[in-house]
Amino acid sequence: MIRKKNRNTWLYGTLVVTLLSACNTADKQTSDNSDKKEAFKVSVDSFADLEILRYQVPGWEQLTLEQKTFAYYLYEAALSGRDIIYDQRGKYNLTIRKTLEAIWNNPKIKQSGDEWEKFKVYSGQFWFSNGNHHHYSNDKFVPTCSFDYFATLVKSCDVNLLPLHEGESLETFLAKMKQVIFDPTFEPKMVNLTAGIDHVAQSSNNFYEGVTQQEVETFYNSFPHTGQDPEWGLNSKVTKVSGKLIEHAWKVGGMYGAAIEKMVQWIEKAIPLAENDQQKKALSLLVAYYKTGDLKKWDEYNIAWVQDTAATIDFANGFIEVYNDAIGIKGSYEAVLSLKDLESTKRIKAIADQAQWFEDNSPLVAEHKKKKVKGISAKAITAIVEAGDAAPSTPIGINLPNSDWLRKEYGSKSVSLSNIIHAYNESSASSGFLDEFVHDAKKLERMKQFGNLGSDLHTDMHECIGHASGQINPGVGTPDKTLKSYASCLEEARADLVALYYIMDPKLVEIGVMPSLEVGKAEYDNYMMNGLMTQLTRLKLGDDIEEAHMRNRALNAYWVYEKGKKDKVVEFVKENDKTYVQINDYKKLRGLFGELLREIQRLKSEGDYEAGKNLVENYGVKVDQPLHKEVLDRYAKLNLKPYKGFIQPKLVAVEENGKITDVKIEYPTSFYEQMLGYGKEYGFLP
């Protein structure tokens, strides 16, 4: 609900990156050998609609041994929860993954030929998406190899290495897998946000079983709502037993207990090495939360965590974002381990330091503004490892905690992932995307010159002041209760609009984070082009928009386009039978962004469900099909992949006489080998 999840693949870089096949390279590059001799290769593989990248961890070698060891323990804790996200995204996903692993690890299988290559692509897609539903569209994807070929692969495996239930025959197992893997009509949508349906029953995630949306909403409406309550339901699966709804908590001794126990063991090893008492307190509370499943402990942990602003090593670990739940209650497991990027922190800190000014000068009505913005801790970070819902597709900005009342009373941490952004920028060098979709030479030059900075500032403000702005009226419920399935989209739209409104404000020039308003114009050109046209490269022809971030961008772009039509603020123009987006009046466009921001804050503050629903359904869902076809045809000629994700760095502990004497960092180059290695090392759930 509060992060900008995926950087656009067309953002502009400055270096040419050589695309190289992972299967033709060495397995790894370490920080102290080959990477010093040759340029670091960012882009290492591609398949389906995906490009696989790597990122480096500058600053690692400057850490003390104690800091490295502390990070190593939290690294192991992060990856120990990896199985959880697979099961959360679908109850058959671990069965599928273990089957794929058995096939890949079988030395008897000849890994070549057309059918194998098709199976290999499916395996890569599955690992990238943490399951068999696309990581972004949430649509089910199926192998292009034949079921008969798949069955041959399975039959060649040692039956003891296959995930068969007790007493289950291989024939019965294969019949089940045929439906689960190959039938596109079986559990077709991981998150289904189609209007007018039962979003719980029609979504195939594993947060609920045998219950309806109405039953779930009634169940959670019976919980206390005092305005300072935990995020009820965040860490459990709901089923029905003897006619009553029951929560199965994700905790030690509960659901996912085997993985969470491993996570706790590693966190407990890290606690004595914490950099300060506040960090030690936060980690101890995180352990208490995982042991008890008590959501009040989760709040206590967040309060302690947000108040630790001094540490170099930081972490986010828990059941956090609710995008994978159509009704926005259940948190997906994720972990991000990082170290502070001191130089890049200067820009985002300059924005955070002015948070009260931004709030006071926003276009919101007075009663919806915060009278006092509590401590926003803003910094740029260097990711060390990401896991769960944060990998392989990663956020570029994070703002936590999610709880509105905690943010109001205790503040928030807002971070920009500088090394991830750098890797995205490098991978997008010389893509030809802008030349294809921007027809105005002056605007094209401006976007190439200022596009990276404009996008970075947008992300900083989206996370830092966007999510932290505004307040809910007294007595009004939290957005998951009032705005329901539209809450995530509207919150992302609201945070985007804060960034868009202020990126054309001279205040940013005054505080030294951008040289001129030309940066803001470059971001307006990019945002409108993306929201009105180019993000459609991520959809199949004929599909509506369902992903929350795509909906929010379309909502914002089409609303201002429609409201500014009379004055031709923004236009679609044709040139040589190609469609382009043209902004004619940047000042009026800023005013329209401000009007929409005021309205979306109003409906959040007042809990106006119907107004929120109408905004999303009228502006954020439907697609102009002829325009969509044109965009897809033009994009296909560029031979680009619309989605990117990452191989994670690997931390390796060096031990002497049972004591860690160093922690080395390696940069693997094979996505497939990393996924298979993770399966062996961190496969704790059945």
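The values are calculated or read from the model by the stated rules, or taken from the named source; none is laboratory data. Please read these numbers as outputs of a predicted model, since none were measured by experiment. Every residue, glycine among them, receives a Cβ derived from its backbone with ideal geometry; neighbour counts consider all protein chains shown. Surface areas here come from the heavy atoms of the whole protein model, side chains and all, with no ligands, DNA or RNA. Shrake-Rupley method; radii C 1.70, N 1.55, O 1.52, S 1.80 Å.
Couple of notes before you dig in:
- Considering residues of region 602-639 that are open to solvent by less than 30 Å² (accessible area, probe 1.4 Å) and not in a helix (DSSP H, G or I) only, the residue farthest from K574 (Cα to Cα): G607
- All told, N618 falls short of being at pLDDT below 95 and polar (S, T, N, Q).
- Matching entry among H439, H422 (being assigned to a loop (DSSP other than H, G, I, E, B), open to solvent by 10 Å² or more (accessible area, probe 1.4 Å) and either farther than 30 Å from D608 by Cα or of a type in the set (D, E) (or both)): H439
- As a summary of the residue check, F684 satisfies the conditions (1) part of a helix (DSSP H, G or I); (2) buried (at least 18 other Cβ atoms within 10 Å of the Cβ) except for the one numbered (1).
- For region 384-408, taking the residues that are of a type in the set (V, I, T) and part of a loop (DSSP other than H, G, I, E, B), the one that is farthest from V476 (Cα to Cα) is identified as T394.
- Note on region 509-525: among residues that are in a loop (DSSP other than H, G, I, E, B) and touching an Asp or Glu at 6+ places or on another chain (Cβ under 9 Å), the one that is farthest from R553 (Cα to Cα) is I511.
- Test result for T345, polar (S, T, N, Q) and at pLDDT 95 or above: no
- Number of positions in region 482-506 that are more than 17 Å from F593 (Cα to Cα), in a helix (DSSP H, G or I) and open to solvent by less than 50 Å² (accessible area, probe 1.4 Å): 5
- Test for K578: is it touching a residue at least 60 places away in the same chain (Cβ under 8 Å) and surrounded by fewer than 16 Cβ atoms within 10 Å (Cβ to Cβ): yes
- Per-region count, region 265-287, residues over 11 Å from L74 (Cα atoms) and of a type in the set (V, I, T): 1
- Y86 falls short on exactly one of the conditions (1) out of contact with any helix residue (DSSP H, G or I) (no Cβ under 6 Å at 6 or more places or on another chain); (2) closer than 14 Å to G679 by Cβ, and that condition is (1).
- Out of P230, P224, sole residue that is open to solvent by 30 Å² or more (accessible area, probe 1.4 Å) and part of a loop (DSSP other than H, G, I, E, B): P224
- Considering region 57-102, and only residues there that are assigned to a loop (DSSP other than H, G, I, E, B) and of a type outside the set (D, E, K, R), the residue that is farthest from the chain's Cα centre (by Cα) turns out to be T64.
- Selection count where residues are assigned to a loop (DSSP other than H, G, I, E, B), crowded, with 21+ Cβ neighbours inside 10 Å and more than 20 Å from the chain's Cα centre (by Cα), scope region 526-560: 1
- Subset of region 408-418 (residues that are touching a strand residue (DSSP E or B) at 6+ places or on another chain (Cβ under 9 Å) and open to solvent by 10 Å² or more (accessible area, probe 1.4 Å)): V415, S418
- Residue satisfying condition, being under 22 Å from E681 (Cβ atoms) and touching a strand residue (DSSP E or B) at 6+ places or on another chain (Cβ under 8 Å), within set G131, G124: G124
- Region 286-322, subset of a type in the set (D, E) and open to solvent by 50 Å² or more (accessible area, probe 1.4 Å), residue farthest from L65 (Cα to Cα): D294
- Restricting attention to region 143-186, the residues that are loosely packed, with under 13 Cβ neighbours inside 10 Å and in contact (Cβ under 8 Å) with a residue 60 or more places away in the chain total 0.
- Any hit, region 329-341, residues being under 30 Å from H199 (Cα atoms) and open to solvent by 10 Å² or more (accessible area, probe 1.4 Å): yes
- Test result for I381, in a strand (DSSP E or B) and of a type in the set (V, I, T): yes
- Of all residues making up region 347-376, the number that are closer than 30 Å to W60 by Cα and crowded, with 18+ Cβ neighbours inside 10 Å: 6
- In region 225-283, the residues that are closer than 22 Å to G210 by Cα, among the aliphatic types (A, V, I, L, M) and touching a residue at least 24 places away in the same chain (Cβ under 8 Å): L234, V238, L245, A249
- Qualifying residue in region 199-213 (condition: part of a helix (DSSP H, G or I) and either modelled with pLDDT of 95 or more or within 30 Å of Y122 (Cα to Cα) (or both)): yes
- Which listed residue is touching a Gly at 6+ places or on another chain (Cβ under 6 Å) and among the basic types (K, R), from R82, R97, R89: R89
- Subset of region 187-199 (residues that are open to solvent by less than 50 Å² (accessible area, probe 1.4 Å) and of a type outside the set (K, R)): M190, V191, N192, L193, A195, D198, H199
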